[in-house]
Amino acid sequence: LNLILLGPPGAGKGTQAARLREDFGLAYIGTGDLLREHKESKTELGQRAQEYMDNGDLVPDDLVISMIIDKIEEEGEDGFLLDGFPRTVGQADALTEELEKLGRRLTAALLVDAPDEVVLQRLSGRRQCSNGHLYHVEFDPPKHEDVCDQDGKPLFRRKDDEPDTIRKRLATYHKQTEPLRDYYEERGYLRRFDGTRDKTEVHDHIRATLATLR
Ligand code: AP5
Ligand code: ZN
Ligand code: ZN
């Protein structure tokens, strides 16, 4: 399986990715996570990406494309799950070209969609640990406040989850990433899922769809 997860911030891409990764043993390539790692370890890429990310803008294509293409070549041989890439038509073209070069085919582009109000509510209550386990203060609270159930690590709030930055990320999404819906629809890869449904329902729906594609 070679999968892309598309959708607005907060629709549940990361949440579904964690489950699909377990189901199918795919190499998970999370663009936001990779960029945040670069930021934290203060690599040159991280330093260049920081300002864009904290503003809710996209990091320039040339920085992101090579980072992801390298990962696909290094880790994605037996199938990959891309979360948060591509996000522009330029990135989508680069991926199409790369897959052609490798003689591989995309299985599907999974669009997990949710309206802006839902996203705002979800992201303003999101908490996570450094291993990427996700919680929501209201919808999915940890057993002990501010501690991860799975590994006891402290939970924190992402820097770009402030309401003003969330709104900016949404605007960026509608302008730059939403056109990819048509891009993948026209090529026959798009599969849509209602991200406002319960997590398990969304997951079941994705699995059922993938079963028809394998
Ligand atoms: P990235 O880290 O990819 O963030 P994002 O796309 O904004 O998406 P999020 O991670 O915020 O949301 P999600 O859909 O994963 O939702 P989650 O599962 O966490 O990117 C961050 C930044 O990096 C970008 O702004 C940009 O600057 C840069 N960047 C990344 N990729 C780039 C690229 N390709 N090119 C250029 N720049 C790039 O869920 C959210 C919350 O809701 C959680 O609290 C969760 O518990 C809860 N939840 C999830 N599902 C449900 C449900 N069904 N019901 C109730 N609650 C739910
Ligand atoms: Zn995410
Ligand atoms: Zn954890």
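Across region 1-130, counting alpha-carbon atoms alone, Rg and Dmax equal 14.6, 42 Å. Along the axis of the charge dipole computed for region 86-214 (Cβ charges of +1 for Lys and Arg, -1 for Asp and Glu, origin at the Cα centre), the listed residues Gln91, Ile166, Ser130 are led at the positive end by Gln91.
Which number comes out as Rg/Rh for region 124-214 once both Rg and the Kirkwood Rh are worked out on C-alpha atoms? Numbers along the way, then the final one.
Details: Rg = 16.7 Å, Rh = 15.9 Å.
Ratio of gyration radius to Kirkwood radius for region 124-214: 1.05.
For the chain, the 222 nm mean residue ellipticity estimated from helices alone, with every DSSP H stretch of n ≥ 4 adding -39500 (n - 2.57) and the total spread over all residues, rounds to -14500 deg cm²/dmol.
Extension gain for the segment Arg167 to Arg187, taken as residue separation times 0.36 nm less the Cα-Cα distance, is 4.2 nm to one decimal.
So what is the relative contact order for region 115-196, in percent, with contacts set as C-alpha pairs under 8 Å and at least six apart? So the answer I get is 25 percent. The simple Förster model, with R0 at 35 Å and r as the Cβ-Cβ distance, assigns Glu98 and Gln150 a FRET efficiency of 0.55. When Lys153, Lys42, Lys175 are compared by accessible area of protein heavy atoms, the largest-first order is Lys175, Lys42, Lys153, using a 1.4 Å probe.
Phe139 to Glu51: extension gain in nm, 0.36 nm per residue of separation minus the Cα-Cα distance?
This chain segment gains 28.6 nm when fully extended.
Computed on the Cα atoms alone, the convex hull of region 62-214 gives a volume of 145 cubic angstrom per residue. Could you tell me which of the pairs Lys39/Lys101; Lys71/Lys168; Lys71/Lys199; Lys143/Lys199; Lys39/Lys168; Lys13/Lys71 are separated by over 25 angstrom between their Cα atoms in the structure shown? Pairs exceeding the cut-off: Lys39/Lys101; Lys71/Lys168; Lys71/Lys199.
Applying the Karplus relation 6.51 cos²θ - 1.76 cosθ + 1.60 with θ = phi - 60° to region 57-65 yields 3J(HN,Hα) values of 9, 7, 6, x, 3, 4, 6, 7, 4 Hz, where x marks Gly and Pro. When the Cα atoms of region 159-200 are aligned to their principal axes, the ranges along those axes come out at 36, 29, 13 Å in descending order.
Which order do the peptides 90-96, 60-66 take when ranked by the mean count of other beta-carbon atoms within 10 Å per residue, highest first?
90-96, 60-66
The values are calculated or read from the model by the stated rules, or taken from the named source; none is laboratory data. From a predicted model like this one, the values you see are computed outputs, not experimental measurements. FYI the Cβ positions are ideal-geometry reconstructions off the backbone, even for glycines, and counts take in every protein chain you see. The accessibility values were calculated without ligands, DNA or RNA, using every heavy atom of the protein model including side chains. Shrake-Rupley method; radii C 1.70, N 1.55, O 1.52, S 1.80 Å.
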